[in-house]
Amino acid sequence: MHKGLMMKLIFPIFLLLLCLSLQLFAAQPTSGPCAVVKNRPCIALVLGGGGARGGAHVGVLKQLELQQVPVDLIVGTSIGAYVGGLYAQGHSPAAIEKMLLHTDWGLGFRDRVVRDEMPVRRKQQKDDFPINLDIGVDASGVKLPKGVLHGQSMAALIRHAYGVVPELASFDGLAIPFRAVATNLVNRAEVVLDHGSLLQAVQASMSIPGVVRPMELNGLWLVDGGVANNLPVSVAKALGADRVIAVAIDAPLLEQDELNSAVAITEQLTSFLVREAVERQLALLEPCDILLKPKLEQIGTLEFERIAEAIRAGFVNAKAQQQAFAALSQPEIYAGWRQQHRQKRQLPLKLSGVELDNQTALADEVLLKRLDLTPGQLLSKDELSQALHRVYGLDTMERVSSNLQRKADGQQLLQVQALEKSWGPAYLNFRLQLQDDFRNTHNYQLAASYLWTGLSPYGAEWQTDIALGTDKNLQTELYWPLAASGFYTAARLAQQRTVLGLESDQGLSDGELTNSELLLSSELGYELSDHSRMSLALLQKDGQYILPAGVAATLGFNSFSYLRRGVASSWSWDNLDSVSFPSRGLKLDLTVQRMQDNVFQSRTRSVSSMLQLQGARRFGTHVLRSRLRWDTFNGDAGVLALEQYSLGGLLNLSGYPKAYLFGSEVRFGSLVYLYQLNDSKFSFFNAPFYLGASLERGAVYQPRFNRADGVAGAGWIWAGSIFAGWDSPFGPLYLGYGQAQATTEQQPYRFYLSLGQTF
């Protein structure tokens, strides 16, 4: 027999005999998870951290089950804790694989409150100021969050996978004993989590420092375990493991030509620290232990869309170790082990009560009302997520978390903790708007909003806005809910200046129609739900119109002042998922305004009605959305129309300049098609790109101040556009071309650039 072949056969036999002899002389643990393992080695599975490369752990689990290797202990870090915890809970490798492949990991790294989960008032604030930096500013100075993310969405992803799980006195009580490794942020010490909330333990182990807010558990600030111990072999050994199967998936070091950004350099420095700790752990492995290092060099830490590749790589690497696994195979006991350790179907829990840990300025009554959980109800994981989202949707919380306590008498008590934003209670947000049709119309505006929350236990707020640019605005508003009744009052004072540009039939600038107005309002409203509210307001408008020279010559005066008093009633419904590029939902706004108008020393009455309806529906990567407008001003005979509604601009009768057609009556409808070019599975903000086209039809009547009488008097006008759009962090960005039906000598077509304008 060839000498080399003989050595290949003899060495595994020698290694097996050595391991058996070591086992005979090894001291048996008297406590801990390995103490219950008799007449065979205690096998520990150690799963390292590595983000998307963690799919390899599932491939390893598949091979272990194929070879009937019972696992007695699981120790995991980061994604290793996530996968290991699921297996310890009793999920099969196939079930875990399905979870990994069908989880939208990008949602876990986007902590902003979803728009259709916000109350109507908060939706309007976010729509008006889309650069939502949420900078804390008060007398103490500028304050910032403890992380880019607060961990709220990550907690929801973990809960969706794990279900509603009660706190445990020890993780040894799981189907397989389990430990999660995290890092103490104060001193970088390793923290082994072995009891309490399984979900919070896993999340603490996955909390990327500087990106995700640290988890506060047992008085410690905890972050990702990879900082201290990314391959916790030492933990398994300390718990009495006789055999360790370690799966290392840490990030490879980058080559010199790959160090081309600050992010890459930071990742390289982090890899140095992680690798140094991993090398110390590898030195603890003994000849009988098994080390798996799947080929994952090409898969980035955040490339969760490639998790299927990682699963295959783990399976291939584990299959190559069949001979080593064969020494750990236990076919005579495996069927019983598997039956004992496979999770049974989780039923909805019967809720005994809710205990609220309210660390906010809001009254318990407000939060409990939004939770809407009652003792005795059957509570599923989806219903719990929805309840927590309703509280988090107020957008004044840093975290809303829950724990399930199972009492000795069998009662199941849900503990909910609400933490107020630590950088509040006053926040600064911004708006930037730019519009250009590459001819005569150029509009811009920069605005800021200062919102002071928590003025009462029921959510009173004071908001002050300032806007500079083509249109100017300075306003302040006090919003005051009347207990938890749903009723509220609001008082507003605003000074605003709006400009409507005119253009001649030859496409030349023809002056501006300027309106300056001081508005006082007092409002009583009722919030029917997070999607709907109704209100009645008393109004006073004191203003002045300044007319362009051409219109002034026609009318015989160049300006006039007015004083208007009256009431406005409104009703709205809004469950759009986005105001910039909506893909689902409906938004309806209806306002009826009855005013007494004082103009030119005469007193008249008027009624204005404004109706706008928007809807959107997604079909895969295709989106259809529509918009309808019906605005009307009706006054006494011969009255000057003080309400001016406009059409013109991209997606608002494309082909004409912005607000080119304006009058006291507007009718408009549009159908817009969008194709989404990218679908990012992982990003800190969702910013998709679109290609689109629109078909529009509109009409303007009674153009009292508009020299484009021929266009406005032509009735219904067809228009359309093609465009590219980006849902940017600064607001919607459009670059498009529009053309309208020709009704005069003007050629109604033009290109558009628009930022921050919603349609």
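Points to keep in mind about this one:
- Anchor K369: aspartates and glutamates whose Cα lies under 20 Å away (excluding residues fewer than 8 positions away in-chain): D116, E117, E355, D357, D382, E383, D395, E398, E420, E461, E527, D530
- For segment 204-244, accessible area per residue (1.4 Å probe, heavy atoms of protein chains only), Å²: 28 Å²
- Cα long-axis angle, helix 262-282 against the chain (0 to 90 degrees, to the nearest 10): 20 degrees
- Paramagnetic reach from Q405 (point 7 Å along Cα→Cβ, amide N under 20 Å) across segment 177-202: 194-201
- Whichever aspartates and glutamates have a C-alpha closer than 17 Å to that of K293, once near sequence neighbours (fewer than 8 apart) are set aside: D250, E276, E279, E309
- Lys/Arg +1, Asp/Glu -1 at C-beta; the chain dipole; positive extreme among V120, G108, P41: P41
- Charge dipole (debye, nearest 20) of segment 313-392; +1 at Cβ of Lys and Arg, -1 at Cβ of Asp and Glu: 500 debye
- Modelled this way, with points 7 Å down the Cα-to-C-beta line, the labels at V148 and D382 are 3.1 nm from one another.
- Karplus (6.51, -1.76, 1.60) ³J(HN,Hα), θ = phi - 60°, over segment 235-246, in Hz, Gly and Pro reported as x: 5, 5, 5, 5, 8, x, 5, 8, 10, 10, 10, 9
- Cβ-placed point charges (K, R +1; D, E -1), dipole of the chain about Cα centre in debye, nearest 20: 1440 debye
- Here segment 370-443 exposes an accessible surface that is 48 percent carbon and sulfur, computed with a 1.4 Å probe and the other protein chains kept in place.
- Relative to one another, the C-alpha centroids of segment 52-122 and segment 525-602 are positioned 51 Å apart.
- Scanning residues 5 or more positions from R584 or on other chains, those with amide H under 5 Å from its amide H are D577, S578, with H placed 1.01 Å from N in the peptide plane.
- A Cβ-based charge dipole, computed about the Cα centre of segment 513-613 with Lys and Arg at +1 and Asp and Glu at -1, lands at about 380 debye.
- Positive-end residue of V60, P375, P481, charge dipole of the chain with Cβ unit charges: V60
- Here, P(r) means the percent of Cα pairs in each 20 Å bin from 0 to the largest distance; for the chain it is 14, 39, 28, 14, 4, 0.
- For the cross-link pairs K62/K421; K237/K407; K421/K658; K98/K295; K126/K472; K541/K658, the ones whose C-alpha atoms lie over 31 Å apart are K62/K421; K237/K407; K421/K658.
- Helix-only mean residue ellipticity at 222 nm for the chain, each DSSP H run of n ≥ 4 adding -39500 (n - 2.57), per residue, nearest 500: -7000 deg cm²/dmol
- Using a probe of 1.4 Å, the accessible surface attributed to W726 totals some 70 Å² when neighbouring protein chains are kept in position.
- Solvent-accessible surface (1.4 angstrom probe) belonging to T470, in square angstrom, nearest 10: 30 Å²
- Subtracting the Cα-Cα distance of F689 and L413 from 0.36 nm times their residue separation leaves 94.8 nm of extension gain.
- On Cα atoms only, tilt of 3-25 relative to the major axis of the chain in degrees: 90 degrees
- A crude spin-label estimate for the pair N634 and Q544, with each label 7 Å from Cα along the Cβ direction, gives 3.3 nm.
- Tilt relative to the chain, helix 79-89 - C-alpha long axis, 0 to 90 degrees, to 10: 70 degrees
- On the beta carbon distance between W462 and L259, with R0 = 51 Å, the FRET formula returns roughly 0.55.
- Longest segment of the chain lacking GluC sites (Glu not before Pro) that sit in a DSSP loop with at most 13 other Cβ atoms within 10 Å: 298-744
- Largest first, the residues D128, D436, D631 sort by 1.4 Å accessible area into D128, D436, D631.
- Average Cα contact separation per residue, segment 338-422, under 8 Å, 6 or more apart, as relative contact order %: 38 percent
- Label-to-label distance, T514 versus R338, with points set 7 angstrom from Cα along the beta-carbon direction: 8.2 nm.
- Solvent-accessible surface of protein heavy atoms, probed at 1.4 angstrom with all chains present, puts I722, I43 in the order I722, I43, largest first.
- Computed extension length for S559-L671: 36.5 nm, one decimal, from 0.36 nm per residue of separation with the Cα-Cα distance subtracted.
The values are calculated or read from the model by the stated rules, or taken from the named source; none is laboratory data. Here the structure is a predicted model, which is why all the values come from computation and not from measurement. For neighbour counting, all protein chains shown are included, and Cβ atoms are generated from backbone atoms with ideal geometry for every residue, glycine included. With ligands, DNA and RNA removed, areas are computed over all heavy atoms of the protein, side chains included. Shrake-Rupley method; radii C 1.70, N 1.55, O 1.52, S 1.80 Å.
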